[in-house]
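Engineer: Let me begin by handing over the structure; questions about it come next.
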Amino acid sequence: MNRYLRLAVLLVSVQCVACTSEPEPVNDIGRWQITDSFILSAALSKQGEYTALLFSHGRLAVWDNNTQKRLVDWHAPYVLPDTSMMYMDESARYLFSATRTVVQVWDTMSAEPAGSLVLSVQLGDGSITSLINTMLML
C-alpha cells in the first residue's frame, strides 16, 4: 500500500509541474534595432536621449532615441580608419574618438568635425589607450 501511495504522490507532483504556466515572453515594445554592423564602442547620453556608435569599418553615428532617427553619420576620410575608442559628453553635443595617437572632436549639433589633436610626439612609444588606462588606475 505504501508503494501505491508513493506512486500517487509522484503522479500528482508531475501533474502539478506540468500544469504550471510558462513564463511570459519578453515584451519588446519600444525597442528598435539600430544596426547589424559590428560595433567597436557605444555611448548613451546622460538623459538617454541619444546613442552614439563607433563601427569597425570607420563610421561614427549618432541617433535620437526618441524619434529613432539618425542625426549624424560620419565616414572615412573624416573618421580615421584605425579609430577604436569613443566618448560622448553628458549633453551629447560633442563626441571624442581616438586612434592610438590622434583624438578627434565631433560637434553633433553642426554635424561637422570640430578638430583633432595629434599626440604622437607627446606620447612617444605610448598610446592613448595606455594613457587612459594609467589615468584610470590613479
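Engineer: Filter region 98-111 down to residues that are at pLDDT 90 or above and outside any loop (DSSP other than H, G, I, E, B) and give me whichever is surrounded by the most Cβ atoms within 10 Å (Cβ to Cβ).
Structural biologist: 106
Engineer: Also, quick follow-up: Quick one: in region 23-52, which of the residues that are in contact with a Leu (Cβ under 9 Å, 6 or more places away or on another chain) and part of a loop (DSSP other than H, G, I, E, B) is modelled with the highest pLDDT?
Structural biologist: 37
The values are calculated or read from the model by the stated rules, or taken from the named source; none is laboratory data. Not measured: the values here are computed from a predicted model. We place every Cβ from the backbone using ideal geometry, glycine too, and count neighbours over all the protein chains shown.
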